[in-house]
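K.L.:
Here it is, the structure in full.
The values are calculated or read from the model by the stated rules, or taken from the named source; none is laboratory data. Please read these numbers as outputs of a predicted model, since none were measured by experiment. So basically every Cβ, Gly included, is an ideal-geometry build from the backbone, and we count neighbours across all protein chains shown. Note: accessible area is taken over every heavy atom of the protein model, side chains too, but ligands, DNA and RNA are not part of it. Shrake-Rupley method; radii C 1.70, N 1.55, O 1.52, S 1.80 Å.
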Amino acid sequence: MRVLSGSQPSGKLHLGNYLGAIRQHLQDQHVHECFFFIANYHSLTTIQDAARLRELTRDVALDYLALGLDPARACLFRQSDVPEVTELAWILSTVTGKGLLERAHSYKDKIAKGIQPSMGLFCYPVLMAADILIYHSDLVPVGKDQVQHIEMTQDMAEYFNNTYGRPVLKRPEPKLNESPVVPGLDGQKMSKSYHNTIPLFDPPKAVRKLIMSIKTDSTPVEAPKDPETCNVFALYRLIAAPAERDALADRYRAGGMGYGEAKGLLADAVEGLLAPARERRQKLENDADYVEDVLTASARKARSLAQAVMHEVREVCGIVISKSHEP
Ligand code: ADP
Ligand code: TRP
C-alpha cells in the first residue's frame, strides 16, 4: 500500500503531534511504501514571512529525521519540490463545485479563529486533494479533523474521472490515527492554539517544569485516586510499557502517592522517549548537507511518480505542453 501524509510547517511540534500522529507515521514506514511531505505551500495561507517559513520548513525535516524517519524506507520531501501539485490543484478546481468547498469545516473554523479568508484558504482542500491524488496514494493517515478533507479528495477524484470518462485518479482512503486525543497541561486537547503543549524539543529542564504544572484535582496524598480521570496518567499510559502503566495504576488506586510523584514518573518517561531524538536532532542541525540530500533524493522519487500521473491527466483533458517541457 502507498501511504502519504503531509505536515504543515506551522510551529514547534508537541507531544500531542507525536503521540497522536507522527509515531504512527513512523511505524508505517516498516509496513508500507511511505511518502511524507512538508506542506509549505499550504502554510502560505497563514505564514507570510519568508525567513520564518524557511526556518519552519527546515524544522519539520529535522523533527521527522530526529524522531526516526528512515530515509532508506520512507520519502521525506518538500511539497514545493513537486510543483506539479499546484498544476493538478488548478485542474481539480475546474471539476469541483464551489458548494463542496463551502461545506469544509476547517475553513469555517479557521475563519472563526480570525484567519483572513483568502482564496488560498478557501481552496486549501483542492491543493490537499492534488497532494494525495498525484501519487496514486492508497492510504492517508490523518487525525479526525482532516477526515472531511479526504472525503472531499475522494469526491474530486470521482468528479475528474467522470468528467473525462477514464479512471485516471485513484480513490484514497483515510487511515485514522489510532491514538486517542492527547490531553494538554490543562486537560483540554493538547494544541498549540490552546497554549497547553509539551514541546518535543525544548530543553529537558523546561519540559520537566511543564510536566510538573499539569492540572490535577485536590485529592490528598493518602487518598486512593482514579487513574482513569487523571491527566498525568492519561499521558503516562501513552508512553510507558504495559507493566509500568499497570504498576502506576495500582499505586493510584492504593492511595499514599501524591500527584507530584506521578508527575515525576511521567517526566522520566518523557525524557526517556525524547532524549535520543533530541541528541539526533542536534547532530542533524549541524549537518545541513545531509538533510538537504535526503529531501532532494526523496523529492526526485516523488516527482517522477507525480510527473507520470500528470502526463495522463493532461492527456485526458487535452492540455498540451511543449515536448521540451516533458520530463
Ligand atoms: P495543533 O492542534 O497543535 O495545531 P495540528 O492541527 O497541526 O496540531 O496537528 C497535526 C497532527 O497532530 C494532526 O494529525 C493531529 O490530528 C495530530 N494532533 C495534534 N494534537 C493532537 C492531540 N492533542 N491528540 C492527538 N493528536 C493530535
Ligand atoms: N491539511 C493537513 C493538516 O493540516 C496537512 C496536509 C496537506 C496533508 N496536504 C496533505 C495531510 C495531504 C495529508 C495529505 O494536518
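K.L.:
Residue pairs, Cβ under 7 Å, 6 or more apart or interchain, first in region 161-179 and open to solvent by 70 Å² or more (accessible area, probe 1.4 Å), second part of a loop (DSSP other than H, G, I, E, B). List them.
P.N.:
So the pair list comes out as 163/95; 170/136; 173/138.
K.L.:
Can you tell me which residue among 210, 176, 169 is at pLDDT 95 or above and either of a type in the set (Lys, Arg) or within 16 Å of ligand 1 (Cβ to nearest atom) (or both)? Walk me through how you get there before you give the answer.
P.N.:
Working: 176 fails: at pLDDT 95 or above; 169 fails: either of a type in the set (Lys, Arg) or within 16 Å of ligand 1 (Cβ to nearest atom) (or both).
Answer to the selection: 210.
K.L.:
Then there's this: Of all residues in region 8-20 being closer than 26 Å to residue 240 by Cα and at pLDDT 90 or above, which is nearest to ligand 2 (Cβ to nearest atom)?
P.N.:
Taking region 8-20 and keeping what is closer than 26 Å to residue 240 by Cα, we get 12-20.
Adding the requirement that they be at pLDDT 90 or above leaves 13-19.
Working: 13: 12, 14: 14, 15: 17, 16: 12, 17: 9, 18: 14, 19: 15 Å.
Across region 8-20, the extreme among qualifying residues is 17.
K.L.:
Being at pLDDT 95 or above, within 13 Å of ligand 2 (Cβ to nearest atom), in contact with a helix residue (DSSP H, G or I) (Cβ under 9 Å, 6 or more places away or on another chain) and in the same structural domain as residue 95 (by TED's automatic domain parsing) is true for just one of 125, 141. Which residue is that?
P.N.:
Values: 141 fails: at pLDDT 95 or above.
Checking each option against the conditions leaves just 125.
K.L.:
Consider only pairs whose beta carbons are under 7 Å apart and that are at least six residues apart or on different chains; among these, list those whose first residue lies in region 188-216 and is more than 18 Å from residue 19 (Cβ to Cβ) and whose second residue is open to solvent by 50 Å² or more (accessible area, probe 1.4 Å) and within 15 Å of ligand 1 (Cβ to nearest atom).
P.N.:
215/186
K.L.:
Open to solvent by 30 Å² or more (accessible area, probe 1.4 Å), among the acidic types (Asp, Glu) and either within 16 Å of ligand 1 (Cβ to nearest atom) or within 17 Å of the chain's Cα centre (by Cα) (or both): is that true of residue 155 in this structure? Can you show your working first?
P.N.:
Working: open to solvent by 30 Å² or more (accessible area, probe 1.4 Å): yes; among the acidic types (Asp, Glu): yes; either within 16 Å of ligand 1 (Cβ to nearest atom) or within 17 Å of the chain's Cα centre (by Cα) (or both): no.
No: the conditions fail for residue 155.
K.L.:
Consider residue 31 carefully, then state whether it is open to solvent by 60 Å² or more (accessible area, probe 1.4 Å) and either farther than 22 Å from residue 177 by Cα or hydrophobic (A, V, I, L, M, F, W, C) (or both). Talk me through it step by step, then tell me what you get.
P.N.:
Details: open to solvent by 60 Å² or more (accessible area, probe 1.4 Å): yes; either farther than 22 Å from residue 177 by Cα or hydrophobic (A, V, I, L, M, F, W, C) (or both): yes.
Against the criterion (open to solvent by 60 Å² or more (accessible area, probe 1.4 Å) and either farther than 22 Å from residue 177 by Cα or hydrophobic (A, V, I, L, M, F, W, C) (or both)), residue 31 qualifies.
K.L.:
Determine which member of the set 61, 89 is within 13 Å of ligand 2 (Cβ to nearest atom), of a type in the set (Gly, Ala, Ser) and surrounded by 12 or more Cβ atoms within 10 Å (Cβ to Cβ). Before you say what the answer is, go through the steps one by one.
P.N.:
Numbers: 61 fails: within 13 Å of ligand 2 (Cβ to nearest atom).
Of the residues listed, the single one that is within 13 Å of ligand 2 (Cβ to nearest atom), of a type in the set (Gly, Ala, Ser) and surrounded by 12 or more Cβ atoms within 10 Å (Cβ to Cβ) is 89.
K.L.:
While we're looking at this one, here's another question. So which of 51, 72, 21 is part of a helix (DSSP H, G or I) and more than 17 Å from residue 143 (Cβ to Cβ)? Walk me through it before giving the result.
P.N.:
Details: 72 fails: part of a helix (DSSP H, G or I); 21 fails: more than 17 Å from residue 143 (Cβ to Cβ).
Result: 51 is the single residue among 51, 72, 21 that is part of a helix (DSSP H, G or I) and more than 17 Å from residue 143 (Cβ to Cβ).
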